[in-house]
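Everything on this sheet refers to the single structure shown next.
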């Protein structure tokens, strides 16, 4: 497989990844719509019946917004998660050597010079991130600069430039961003459904008893009300509290 075939393959993978992500959220929303449709199917005339797939539409829009946000800020979030800091001009000899090697390898690979970041870690490592091949970001650990000589550093940087050139940098940044988004959503839903009895309240329409009732009354703990209550701003439960700054969206 030559370079152009690799680029085309990585573009296809990126598009398929985004499409599957959007369809997954739409599927979740439509599943909720189906449950609400079943839930309100026997509601008396004049009461709410769930007909339009609002949940599917809303979740599809949320997924679209997440993808757009990841494409715009995914690289910054990846760098923030690793504790990377921008490389300042006029630093140590190792840092100036890194700048020089990156300039050489960027020219040789025919790609824009990446923005440089340092990670304070004694383990040797390096990676590139970004969703735009014209604006790559390269992060290396302090351990890498300490352990490698110039020739070895050139080999590592050339390898990272290859990720920029064949566009798998974009694919891996999307994978990291979308997987992180799903993990955060799963964590939030886990907190909500941890309070299952309060969320659903054992309520609902009882088809068998509904005919015996004089008039239809909504359950005291409607799922939508419970979910809204759980997501409303309020004090965090102590066991679930998290501390630490978060990156800007």
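Examine segment 3-24 for a residue that is more than 30 Å from residue 164 (Cα to Cα) and either surrounded by 13 or more Cβ atoms within 10 Å (Cβ to Cβ) or free of Cβ contacts under 8 Å to residues at least 60 places away in the same chain (or both), and state whether such a residue exists.
The answer is no; no qualifying residue exists.
Only one of 108, 126 is surrounded by 15 or more Cβ atoms within 10 Å (Cβ to Cβ) and touching a residue at least 12 places away in the same chain (Cβ under 8 Å); which?
Sole residue among the options that is surrounded by 15 or more Cβ atoms within 10 Å (Cβ to Cβ) and touching a residue at least 12 places away in the same chain (Cβ under 8 Å): 126.
Inspect all residues belonging to segment 33-41 and state whether any of them is under 30 Å from residue 114 (Cα atoms) and not assigned by TED's automatic domain parsing to the domain that holds residue 137.
No, every residue in segment 33-41 fails to be under 30 Å from residue 114 (Cα atoms) and not assigned by TED's automatic domain parsing to the domain that holds residue 137.
Are any residues in segment 57-72 within 11 Å of residue 18 (Cα to Cα) and surrounded by fewer than 19 Cβ atoms within 10 Å (Cβ to Cβ), and if so, which ones?
64, 68, 71
So which residues in segment 38-49 are in a helix (DSSP H, G or I) and surrounded by 15 or more Cβ atoms within 10 Å (Cβ to Cβ), if there are any at all?
Answer for segment 38-49, where residues must be in a helix (DSSP H, G or I) and surrounded by 15 or more Cβ atoms within 10 Å (Cβ to Cβ): just 39.
For segment 46-80, what are the residues that are touching a helix residue (DSSP H, G or I) at 6+ places or on another chain (Cβ under 9 Å) and in contact (Cβ under 8 Å) with a residue 60 or more places away in the chain?
Those that are touching a helix residue (DSSP H, G or I) at 6+ places or on another chain (Cβ under 9 Å) and in contact (Cβ under 8 Å) with a residue 60 or more places away in the chain: 66, 67, 69, 70, 71, 73, 74, 75, 77, 78.
Does residue 176 fit the bill of being within 22 Å of residue 18 (Cα to Cα) and touching a residue at least 12 places away in the same chain (Cβ under 8 Å)?
Here the answer is yes, as residue 176 does meet what is asked.
Give me a count of the residues in segment 185-214 that are under 23 Å from the mean Cα position of the chain (by Cα) and either surrounded by fewer than 11 Cβ atoms within 10 Å (Cβ to Cβ) or at pLDDT 85 or above (or both).
Residues flagged as under 23 Å from the mean Cα position of the chain (by Cα) and either surrounded by fewer than 11 Cβ atoms within 10 Å (Cβ to Cβ) or at pLDDT 85 or above (or both) within segment 185-214 amount to 2.
The values are calculated or read from the model by the stated rules, or taken from the named source; none is laboratory data. Quantities reported herein were computed from a predicted structural model and do not represent experimental measurements. No Cβ is skipped: glycine too gets one built from the backbone with ideal geometry, and neighbour counts run over all protein chains shown.
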